[in-house]
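Participant: Take a look at this one; I'll ask things after.
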Amino acid sequence: MRPRTRLLTAVTAVGVLTFGMVTPAQASPSNDDTTADVSAFRTTPKPEAVRGETLPPTPQQQEQRDNRMEAINAVVGGDAAIQKRGESSGVQLPDGTWVQWGKPKTEKIWTLLAQFGDEVTEHGGEAGPVVNEIPEPDRDVDNTTAWEPDYDRDYYQDMLFSKKGPSMTDFYLRQSSGRYTVEGHVEDWVTLPYNEARYGYNADEAEAYGAFVRDTAQAWYDAQIAAGKTPAQIKAYLAPYDVWDRYDYDADGNFDEPDGYVDHVQAIHAGEGEEAGGGAQGEDAIWSHSWFAQSDLAGPDWNPSGGVPVGDTGIWLGDYTTEPENGGLGVFAHEYGHDLGLPDLYDTKGGNNGTGNWTLMSAGSWLGAGKDRIGEIPGFMGPWEKLYLGWLDYDVVDLDTNLSYNLLGAAGGTSPFKEATLVNLPPVDVTREYTKPASGSWEWMGGDGDDINAALTRDIDLTGVTSASITAKVRLDTEQDYDYFFAQVSTDGGGTWKNVGNKLSGDNGGFVAVTHDLSPFAGQPVKFRYRYTTDANTHGTGVFLDDIAVTADGAVTWTDDVESADNGWTAYNWKRTTGTETESSARFYLVENRKYVSYDKTLKTGPYQRGWLDTAFDKVNHYPYQDGALIWYVDTTVGNNDVSQHPGRGLVLPVDARVAPLKFPDGTRLSNTHQSLDATFGNAKTDKITFYNNGAKVIFPSQKGVPVFNDTNPDAYWDPASPQHSVKVAGEGVKIRILWDGSELTPMLISVTRS
């Protein structure tokens, strides 16, 4: 399997999205196997279609992620308590919203296997593929492609759910230190009507991927009916897979109840993934990803959140993951991490940050035993991801603590010691000035950022009228032709939506009246919503609304000057504002002790480098990442790890203890994935490392230990000549000293001081 880095720009598929969760996430890129930064040869034009990973989040998904970040900040800052809610726990935000903290002990995953048919649509391509058509690789020149002689259901049942690792069941049990695991059943292969190009074409992946999930579910359902089962029997069979209320649809804070959707579903497709080159299908192959099944259907009557049905059972599929026939355990664990809510931690805009192999949510999903394939055994997550999921066992060094001694067990081990030390830093208050209201003190704001998908919704009763319209004063400051403001109407309670009027984009210079004609919907109650969507990069300050009025048969029947709370609106990513926004954002260091234990053994065997690019691209050289104390800087003033957009800054980035770049004798600098191999702090010397420069062997000598982290100089671990690597630290006078490195069985001892 040949992973490659994809260079994308997201384009929002407006008018298609429903209020289900969409995780903008796909299979992680492999280690950057070139010696140049990806950004050095980025050529993708902005209008390229959305592909695989860079998929637009829905309002529900974005709200859930924002709420979780707010909950983490509140817990870390001591402003909120974790409360027991059913089998799991929750954190209640100031507005009353509950955020799930941690998960039930065991969750079920329903796994479907789909091969492709021989019908060819306008999207072209050849028939198939069907299972077991991937050619056996020549191991003399290819030690990366995963291959098995028979990918039957028993193969996946064992890889995913065997209690003896490596498996998904074992990985998540160990990753969570026994707090969480998965179980499930893999169904038999079913055949879809169309070839893969119909489901993998890149021009409209919202439609293509939704059709793939829909047809896979229908093919499985039809096979069950053909085998003599009734819809009621099939529904009873699926009932144990719907016990989790992912979005707390009834807002009661209890997540341990059905919501009408299968909790976790994987749809494995025949053939290779597009992220690995796509095999014979190339760009027509499906790119591994985690998303929400898009359709124009409403969903369950009692929780209409979109998705696709499982036949006539009344059970629906919404959030899902998809992986290829020869996908390694790493890609399955990575995509399931997205299904649990985790974002990608590599640079999703085509850059190359320093997370590398240090986390499952970056290139760590491509690790392995270092033999005849890559990605078959992933490495562990970093500490922030475990904190995000409620799995991290950590101690805290508070702001008023000037000296602290802390013992750290191996991050992936089973010792009684803490997995990480959280060193609190002063929060940052960021104040931004925006457009002031057209009148009064308040206005609606649609958001300031990339990948926004915002909806402001209300009921409007047009019963008994023949003509109607809604008018608002609108201030537009958006990226022309890529970010849009528009309106939609639903006549079926929010199941389906129709655009009303034109989409607006650009900068209108100030508040102007914008009217949307509702007359085509007169005579009935409707739902109306204002939408604001942005793409993956470049944005203005957004869209602002004030002084909204409904006119029916020539008379104003309702007004809203935005001065009185929400006034009947349901806001997803819209907020009332005075035009001045101040946010307090948490910052902290997370110190962990990475040792070659459990799945982190792959840090020693799995990192790889393509050292024969001209003669054997799929042949790699393996080398060890260095164990020791890894220090992460978490800065919630930054929303992602896209260092190509904000060099030296990210949401959660590892500090490289040795920021001086590794270079080949000809001066070529190795990629940041390789630069991060010696990021750890400690007293021991590093190993000498062997790389190959197009077949020429190059040995990098051992380096002395770096036992002290000192953040007094914010640029101490950041090199402007390599701006996407490592991170600019806080500059708060924090020193972390590794007093004792420890071993795989004994703890590491650190001291933390402040000056």
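The values are calculated or read from the model by the stated rules, or taken from the named source; none is laboratory data. Just so it is clear, the structure is predicted and the values come from calculations on it, not from any experiment. Cβ placement follows ideal geometry from the backbone for every residue including glycine, while neighbour counts extend to all protein chains displayed.
Participant: For the stretch 693-740, name all the residues that are of a type in the set (Val, Ile, Thr), free of Cβ contacts under 8 Å to residues at least 40 places away in the same chain and within 17 Å of residue 659 (Cβ to Cβ).
Facilitator: 708
Participant: Additional query: Go through (1) in a loop (DSSP other than H, G, I, E, B); (2) touching a residue at least 40 places away in the same chain (Cβ under 8 Å); (3) more than 30 Å from residue 347 (Cβ to Cβ) one by one and return the number of the condition residue 474 breaks.
Facilitator: Of everything listed in (1) in a loop (DSSP other than H, G, I, E, B); (2) touching a residue at least 40 places away in the same chain (Cβ under 8 Å); (3) more than 30 Å from residue 347 (Cβ to Cβ), residue 474 misses just condition (1).
Participant: Further, regarding this structure: Find the residue count for the stretch 410-427, including only residues that are out of contact with any Asp or Glu (no Cβ under 8 Å at 6 or more places or on another chain) and surrounded by 12 or more Cβ atoms within 10 Å (Cβ to Cβ).
Facilitator: 4
Participant: Which one of these does residue 700 not meet: (1) surrounded by fewer than 17 Cβ atoms within 10 Å (Cβ to Cβ); (2) of a type in the set (Phe, Trp, Tyr); (3) in contact with a Phe, Trp or Tyr (Cβ under 8 Å, 6 or more places away or on another chain)?
Facilitator: So residue 700 meets the others, but not (1).
Participant: Please go through the stretch 515-539 and give me each residue that is crowded, with 17+ Cβ neighbours inside 10 Å and assigned to a strand (DSSP E or B), ordered by number.
Facilitator: 516, 526, 527, 528, 529, 530, 531, 532, 533
Participant: So is residue 410 under 30 Å from residue 732 (Cα atoms) and touching a helix residue (DSSP H, G or I) at 6+ places or on another chain (Cβ under 6 Å) or not?
Facilitator: For residue 410, the condition - under 30 Å from residue 732 (Cα atoms) and touching a helix residue (DSSP H, G or I) at 6+ places or on another chain (Cβ under 6 Å) - is not met.
Participant: Check residue 429 against each of (1) over 27 Å from residue 77 (Cα atoms); (2) in contact with a strand residue (DSSP E or B) (Cβ under 8 Å, 6 or more places away or on another chain); (3) of a type in the set (D, E, K, R) and name the one condition it does not meet.
Facilitator: Every condition holds for residue 429 apart from (1).
Participant: Residues in the stretch 614-658 that are under 29 Å from residue 374 (Cα atoms) and outside any strand (DSSP E or B): how many?
Facilitator: Counting residues in the stretch 614-658 that are under 29 Å from residue 374 (Cα atoms) and outside any strand (DSSP E or B) gives 23.
Participant: Please determine whether any residue of the stretch 394-409 is within 30 Å of residue 276 (Cα to Cα) and either in the same structural domain as residue 336 (by the TED database) or buried (at least 23 other Cβ atoms within 10 Å of the Cβ) (or both).
Facilitator: Checked the stretch 394-409: no residue is within 30 Å of residue 276 (Cα to Cα) and either in the same structural domain as residue 336 (by the TED database) or buried (at least 23 other Cβ atoms within 10 Å of the Cβ) (or both).
Participant: Quick check on this structure: which one of 225, 286 is β-branched (Val, Ile, Thr) and either without any contact (Cβ under 8 Å) to a residue 12 or more places away in the chain or not in a helix (DSSP H, G or I) (or both)?
Facilitator: None of the other options fit; the residue is 286.
Participant: Okay, moving on. Mind checking whether some residue in the stretch 704-713 is over 18 Å from residue 402 (Cβ atoms), hydroxyl-bearing (Ser, Thr, Tyr) and in a loop (DSSP other than H, G, I, E, B)?
Facilitator: no
Participant: Quick test for you: out of 364, 368, pick the one residue that is part of a loop (DSSP other than H, G, I, E, B) and crowded, with 24+ Cβ neighbours inside 10 Å.
Facilitator: 368
Participant: Let me ask something else about it. Looking only at residues that are of a type in the set (Asp, Glu), over 21 Å from residue 512 (Cβ atoms) and modelled with pLDDT under 95 in the stretch 447-472, which one is surrounded by the most Cβ atoms within 10 Å (Cβ to Cβ)?
Facilitator: Result: 451.
Participant: If you don't mind, another one. Identify all residues within the stretch 649-670 that are surrounded by fewer than 22 Cβ atoms within 10 Å (Cβ to Cβ), within 30 Å of residue 683 (Cβ to Cβ) and of a type in the set (Gly, Ala, Ser); write none if there are none.
Facilitator: Scanning the stretch 649-670 gives a single hit, 660.
Participant: Scan the stretch 149-164 for residues that are in contact with a helix residue (DSSP H, G or I) (Cβ under 8 Å, 6 or more places away or on another chain) and either assigned to a helix (DSSP H, G or I) or touching a residue at least 24 places away in the same chain (Cβ under 8 Å) (or both) and jot them down.
Facilitator: Once the filter is applied, which keeps residues that are in contact with a helix residue (DSSP H, G or I) (Cβ under 8 Å, 6 or more places away or on another chain) and either assigned to a helix (DSSP H, G or I) or touching a residue at least 24 places away in the same chain (Cβ under 8 Å) (or both), the stretch 149-164 yields 159, 160, 161.
Participant: Among what's in the stretch 731-755 and is touching a Pro at 6+ places or on another chain (Cβ under 7 Å) and part of a loop (DSSP other than H, G, I, E, B), pick the residue that is surrounded by the fewest Cβ atoms within 10 Å (Cβ to Cβ).
Facilitator: Once the filter is applied, the top-ranked residue is 731.
Participant: Continuing with the same structure: Quick one: which of 181, 191 is of a type in the set (Ser, Thr, Tyr), closer than 30 Å to residue 381 by Cβ and assigned by the TED database to the domain that holds residue 322?
Facilitator: Among 181, 191, only 181 is of a type in the set (Ser, Thr, Tyr), closer than 30 Å to residue 381 by Cβ and assigned by the TED database to the domain that holds residue 322.
Participant: What residue, of 508, 567, 573, 502, is exposed (fewer than 14 other Cβ atoms within 10 Å of the Cβ) and within 36 Å of the chain's Cα centre (by Cα)?
Facilitator: Answer to the selection: 502.
Participant: Now for a different question. Whether any residue in the stretch 89-99 is outside the structural domain of residue 239 (by the TED database), in a loop (DSSP other than H, G, I, E, B), among the β-branched types (Val, Ile, Thr) and farther than 23 Å from residue 328 by Cβ is what I want to check.
Facilitator: Scanning the stretch 89-99 turns up at least one residue that is outside the structural domain of residue 239 (by the TED database), in a loop (DSSP other than H, G, I, E, B), among the β-branched types (Val, Ile, Thr) and farther than 23 Å from residue 328 by Cβ.
Participant: Next question, about the same structure. Looking at (1) over 17 Å from residue 328 (Cα atoms); (2) outside any helix (DSSP H, G or I); (3) not β-branched (Val, Ile, Thr), which is the only condition residue 173 fails?
Facilitator: It is condition (2) that residue 173 fails.
Participant: Just need a number here: residues in the stretch 456-471 that are of a type in the set (S, T, N, Q) and in a strand (DSSP E or B).
Facilitator: 3
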